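K.L.:
Pasting a structure below so you can have a look.
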Amino acid sequence: MNEIIKATTVVGIMHNGELVIGADGQATMGNTIAKTKVKKVRTFQEGKVIVGFAGSTADAFTLLDNFEGKLNGFRGNVRRAAIELAKEWRTDRYLRKLEAMLLVGSKDELLIISGTGDVLEPDSQVAAIGSGSMYALAAGLALKKHAPHLSAEEMVREALTIAADICIYTNHNFTIEKAK
């Protein structure tokens, strides 16, 4: 089996001064579930920065390490670390072959980083990556608009649940982190 372990749903929502990022726990190899409890959300800077990943697990770990190094080098400045990672990811001969995406944020910002050099900040303060991202994004946007009484954590949990109910590459084993 030489297939890359991938597919997931990661969603982040900023709401009422909080940032919450969550992900499901399923890893697949082709059309087979390889693992059901993968932790695809990490915290850095003593919980002030949260990162979720989608794509090849080994590639994502490489990117997480690089992002953490840049984050430390720029004294916790998430935007600067994201921009520098994206530039390096796009131009480095080794890194540009990596197949993953990152969703990063702090209480002040939420960003998507891709290997094409993109650092995207969603207008709506809702972002998602992975195979179930469009389901989670739609759910998150609807919840922010029609259920603003919910907390960011409740919105993330519900958006992930909806994605898991629809996307075959997403399960109901969630890891959810709130920025400090």
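Any read-out appearing in this document is the output of simple, stated calculations on the displayed coordinates, not a laboratory observation. Owing to the predicted nature of the structure, the values given are computational and were not obtained by experimental measurement. A quick note on method: Cβ atoms are made from the backbone with ideal geometry, for glycine too, and the neighbour counts reach across all protein chains shown.
K.L.:
Count, please, the residues in the stretch 159-175 that happen to be assigned to a helix (DSSP H, G or I) and more than 10 Å from Ile13 (Cβ to Cβ). Don't jump to the end; show me each part of the working.
P.N.:
If we filter the stretch 159-175 for residues that are assigned to a helix (DSSP H, G or I), which is where we start, we get 159-166.
Retained after the next criterion (residues that are more than 10 Å from Ile13 (Cβ to Cβ)): 160-166.
The number of residues fulfilling the criteria is 7.
K.L.:
Right, Ile129: under 25 Å from Glu88 (Cα atoms) and in contact with a Phe, Trp or Tyr (Cβ under 9 Å, 6 or more places away or on another chain) or not? Before you say what the answer is, go through the steps one by one.
P.N.:
Working: under 25 Å from Glu88 (Cα atoms): yes; in contact with a Phe, Trp or Tyr (Cβ under 9 Å, 6 or more places away or on another chain): yes.
Criteria met by Ile129.
K.L.:
Further question: When you scan the stretch 89-102, do you find a residue that is surrounded by fewer than 15 Cβ atoms within 10 Å (Cβ to Cβ) and within 29 Å of Met155 (Cβ to Cβ), even just one?
P.N.:
Let us first name the residues in the stretch 89-102 that are surrounded by fewer than 15 Cβ atoms within 10 Å (Cβ to Cβ), namely 90-94, 96-97, 99.
Within this subset, residues satisfying the condition of being within 29 Å of Met155 (Cβ to Cβ) are 99.
Looking for residues that are surrounded by fewer than 15 Cβ atoms within 10 Å (Cβ to Cβ) and within 29 Å of Met155 (Cβ to Cβ), one finds at least one in the stretch 89-102, hence yes.
K.L.:
Can you name every residue in the stretch 113-128 that is touching a residue at least 40 places away in the same chain (Cβ under 8 Å) and over 19 Å from Arg80 (Cβ atoms)?
P.N.:
Start the filter on the stretch 113-128 by keeping residues that are touching a residue at least 40 places away in the same chain (Cβ under 8 Å), which leaves 113, 119, 125-128.
Matches in the stretch 113-128: Gln125, Val126, Ala128.
K.L.:
Where residues in the stretch 25-37 are over 13 Å from the mean Cα position of the chain (by Cα) and part of a loop (DSSP other than H, G, I, E, B), which of them is surrounded by the most Cβ atoms within 10 Å (Cβ to Cβ)?
P.N.:
Looking only at the stretch 25-37, we keep the residues that are over 13 Å from the mean Cα position of the chain (by Cα), and these are 26-37.
Pick out the ones that are also part of a loop (DSSP other than H, G, I, E, B) and you get 26, 30-31, 36-37.
Details: Gln26: 26, Gly30: 12, Asn31: 8, Thr36: 12, Lys37: 11.
For the stretch 25-37, the residue satisfying everything is Gln26.
K.L.:
Another one. Identify the residue in the stretch 50-69 that is among the small types (Gly, Ala, Ser) and surrounded by fewer than 21 Cβ atoms within 10 Å (Cβ to Cβ) and, among all such residues, is nearest to Ser133 (Cα to Cα). Talk me through it step by step, then tell me what you get.
P.N.:
Pass one, the stretch 50-69, residues among the small types (Gly, Ala, Ser): 52, 54-56, 58, 60, 69.
Subsequent filtering for residues that are surrounded by fewer than 21 Cβ atoms within 10 Å (Cβ to Cβ) retains 56, 58, 69.
Details: Ser56: 16, Ala58: 20, Gly69: 27 Å.
This residue is Ser56.
Yes/no matrix, rows are residues, columns are (1) within 18 Å of Gly17 (Cα to Cα); (2) in contact (Cβ under 8 Å) with a residue 24 or more places away in the chain; (3) buried (at least 18 other Cβ atoms within 10 Å of the Cβ); (4) in contact with a Pro (Cβ under 7 Å, 6 or more places away or on another chain):
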| residue | (1), (2), (3), (4) |
| --- | --- |
| Leu111 | yes, yes, yes, no |
| Gly130 | no, yes, yes, no |
| Lys145 | yes, no, no, no |
| Ala152 | yes, yes, yes, no |
| Cys167 | no, yes, yes, no |
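Condition check ((1) touching a residue at least 60 places away in the same chain (Cβ under 8 Å); (2) closer than 17 Å to Thr175 by Cα; (3) assigned to a loop (DSSP other than H, G, I, E, B); (4) under 15 Å from the mean Cα position of the chain (by Cα)) across all residues:
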site: Val11; (1), (2), (3), (4): yes, yes, no, yes
site: Val20; (1), (2), (3), (4): yes, yes, no, yes
site: Thr43; (1), (2), (3), (4): yes, yes, no, yes
site: Asp59; (1), (2), (3), (4): no, no, no, yes
site: Leu64; (1), (2), (3), (4): no, yes, no, yes
site: Leu71; (1), (2), (3), (4): no, no, no, no
site: Ala82; (1), (2), (3), (4): no, no, no, yes
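K.L.:
May I ask you to list the residues in the stretch 134-180 that are farther than 18 Å from Leu111 by Cα, of a type in the set (Asp, Glu) and in contact with a strand residue (DSSP E or B) (Cβ under 7 Å, 6 or more places away or on another chain)?
P.N.:
Of everything in the stretch 134-180, nothing turns out to be farther than 18 Å from Leu111 by Cα, of a type in the set (Asp, Glu) and in contact with a strand residue (DSSP E or B) (Cβ under 7 Å, 6 or more places away or on another chain).
K.L.:
Continuing with the same structure: Look at the stretch 46-57 and say how many of its residues are touching a strand residue (DSSP E or B) at 6+ places or on another chain (Cβ under 8 Å) and not in a strand (DSSP E or B). Let's see the steps before the verdict.
P.N.:
Let us first name the residues in the stretch 46-57 that are touching a strand residue (DSSP E or B) at 6+ places or on another chain (Cβ under 8 Å), namely 47-57.
Subset that is not in a strand (DSSP E or B): 47-48, 56-57.
Number satisfying all stated conditions: 4.
K.L.:
Out of Gly22, Gly76, Gly12, Gly47, I need the residue that is over 24 Å from Thr116 (Cβ atoms) and surrounded by 24 or more Cβ atoms within 10 Å (Cβ to Cβ). Which one?
P.N.:
Exactly one residue qualifies, and that residue is Gly22.
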